[in-house]
Amino acid sequence: MKKNLIIFGTRPEAIKMAPLVKKFHEHNNEFETRVCITAQHREMLDQVLAFFEISPDYDLNLMKPDQNLYKLTADIITNLKPVLEDYKPDYVYVHGDTTTTMAASIASFYSGAKVCHVEAGLRTFNKQSPFPEEVNRSIAGSVSEYHFAPTTLSKENLVNENVSESNILVTGNTVIDALHFSSKKVMSLDYSDNEVGHLKTIVDHSKKLILVTGHRRENHGQGFINICNALKQIAIDNKNVQIIYPVHLNPKVQKPVFELLGEIENVKLITPLSYPAFVWLMSKSYLIITDSGGVQEEAPSLGKPVLVMRDTTERPEAVNAGTVFLVGTDKNKIVKETNNLLNDKESYIKMSKLHNPYGNGTACTEIVRFMSEIDL
Ligand code: UD1
Ligand code: UDP
């Protein structure tokens, strides 16, 4: 029996690891699989666990209000030691590029477990953007034994860093597995969800819906002020538009957003949504403005144009296909490109073509197959 430990800590990691937890549990004759959450996020993580019905075996409960990277990193490493020593996993699975990913990969490497990196190999080659995620992802990659790359481009990045090809598997992104699971559940007739029900009363169906999310550290401060001023301008100029913005719980995001956008009639600021409610809202939106990594991957699969409030992205696949466009945090550029999509039908149709560079929702099946063929 191979002993797996799956570690995650934030909302996006939970969404993208939940289908893998489920898939490994289906194979419990071959794998013993336990889940450890650092709870780098609390409420936003618990929403995801509830939807996917996952009860963690270990909960480090680490989130502190307005936490900093130094203490969070130290706390993750020290608090994982007893878990790793108690369970003694053969394999530890980490996801992506957060502080949980980086610190958990190092702690697991120290324990002697083999680290398996899911969503490996994405790179901007710019240490400052995304910060600190670009470096977190590289560190996790450098201590990992097995690398699950979502696309051939991310595989090539790893090969260029001398990772052995036999230790890399191109799988697609597990977010598509999660999206399929969620869409199927939300669209089924007997599905009832208070949050989706409540959202239906908020959405103004006579208007074009712009869905907004944002949280990136490198955008804190002036970046968020520019973003909010751009959204204000868009709302004032376009009375036929409704902006809905589920605001990330980070105080550095909440403060500018509520101060600058709290009083605008056609802007609705709401609390972070559960995953199914967010998927439902994406499906109803006309376009999406975001700095999120995960949303850049999901929206093209739903045929929704995305304006990305970043200067660079480690996910160039949808940008190259023309369904995602980088606008940075320049107020005028965000306003101009949004107005273009609102008013120029041809541009809109071009950008809203369905495009799915991130696989067909079988990433987790492929990861489990690969791991079952590995000799302990
Ligand atoms: C983190 C990740 C980022 C990821 C993002 C997803 C790092 C360095 N950053 O950024 O890569 O894209 O999560 O959202 O790993 N908070 C709550 N409740 C929650 C979640 C957050 O109150 O459920 C507040 C807390 O005050 C917390 C703060 O947000 O201290 C910041 O959380 P943190 O995880 O440090 O940073 P994020 O910006 O969420
Ligand atoms: N998401 C959600 N509720 C929300 C906003 C986003 O469930 O209110 C989901 C979204 O579908 C995506 C993930 O959260 O799968 C993205 O998380 P975030 O933007 O916080 O992190 P990133 O992907 O940038 O690391």
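The values are calculated or read from the model by the stated rules, or taken from the named source; none is laboratory data. For clarity, every value in this text was computed on a predicted model and none was experimentally measured. Reconstructed Cβ throughout: ideal geometry from the backbone, glycine too, with neighbour counts over all protein chains shown.
Things worth noting here:
- Leading residue by the ranking (farthest from LEU341 (Cα to Cα)) among those in region 271-306 that are of a type in the set (Phe, Trp, Tyr) and within 16 Å of ligand 1 (Cβ to nearest atom): TYR275
- Test: residue in region 259-270 that is modelled with pLDDT of 95 or more and within 12 Å of ligand 1 (Cβ to nearest atom): no
- Residue satisfying all of: in region 256-285; acidic (Asp, Glu) and farther than 12 Å from GLN242 by Cβ; farthest from ligand 2 (Cβ to nearest atom) among these: GLU263
- Residue list for region 196-238, filter: of a type in the set (D, E, K, R) and either closer than 30 Å to LEU69 by Cα or within 16 Å of ligand 1 (Cβ to nearest atom) (or both): ARG216, ARG217, GLU218
- Single residue of VAL83, VAL135, VAL118 found to be modelled with pLDDT of 95 or more and in contact with a Lys or Arg (Cβ under 6 Å, 6 or more places away or on another chain): VAL135
- Test result for MET309, within 16 Å of ligand 1 (Cβ to nearest atom) and either under 22 Å from LYS208 (Cα atoms) or acidic (Asp, Glu) (or both): yes
- Residues in region 169-197 that are touching a residue at least 24 places away in the same chain (Cβ under 8 Å) and either closer than 13 Å to TYR275 by Cα or in a helix (DSSP H, G or I) (or both): 15 in all.
- Which numbered condition LYS207 fails, given (1) surrounded by fewer than 18 Cβ atoms within 10 Å (Cβ to Cβ); (2) closer than 26 Å to LEU20 by Cα; (3) not hydroxyl-bearing (Ser, Thr, Tyr): (2)
- Residues satisfying the stated conditions in region 246-258, i.e. within 22 Å of the chain's Cα centre (by Cα) and away from ligand 1 (no atom under 14 Å from the Cβ): none
- Residue within region 206-220 that is over 30 Å from MET63 (Cα atoms), within 16 Å of ligand 2 (Cβ to nearest atom) and touching a residue at least 12 places away in the same chain (Cβ under 8 Å) present: yes
- Residues in region 63-77 that are over 14 Å from GLU43 (Cβ atoms), surrounded by 17 or more Cβ atoms within 10 Å (Cβ to Cβ) and of a type outside the set (Val, Ile, Thr) were compared, and the one that is farthest from ligand 1 (Cβ to nearest atom) is ASP75.
This table checks each residue for (1) surrounded by fewer than 24 Cβ atoms within 10 Å (Cβ to Cβ); (2) away from ligand 1 (no atom under 14 Å from the Cβ); (3) modelled with pLDDT of 95 or more.
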position: PHE8; (1), (2), (3): no, no, yes
position: VAL21; (1), (2), (3): yes, yes, yes
position: HIS25; (1), (2), (3): yes, yes, yes
position: GLU43; (1), (2), (3): yes, no, yes
position: ASN61; (1), (2), (3): yes, no, yes
position: ASN79; (1), (2), (3): yes, yes, yes
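- Any hit, region 348-362, residues being closer than 18 Å to HIS215 by Cβ and either out of contact with any Ser or Thr (no Cβ under 6 Å at 6 or more places or on another chain) or modelled with pLDDT of 95 or more (or both): no
- Cβ pairs under 9 Å, 6+ apart, first in region 228-240 and closer than 15 Å to PHE258 by Cβ, second part of a helix (DSSP H, G or I) and among the polar types (S, T, N, Q): LEU231/THR338
- Single match in SER164, SER108, SER154 (criterion: more than 14 Å from ligand 1 (Cβ to nearest atom), surrounded by 21 or more Cβ atoms within 10 Å (Cβ to Cβ) and over 21 Å from THR38 (Cα atoms)): SER154
- Filter pass, LEU342 being within 16 Å of ligand 2 (Cβ to nearest atom) and not small (Gly, Ala, Ser): no
- Condition check for ARG34: at pLDDT 95 or above, within 16 Å of ligand 2 (Cβ to nearest atom) and of a type outside the set (Val, Ile, Thr): no
- So GLU26, is it away from ligand 2 (no atom under 16 Å from the Cβ) and within 29 Å of TRP280 (Cα to Cα): yes
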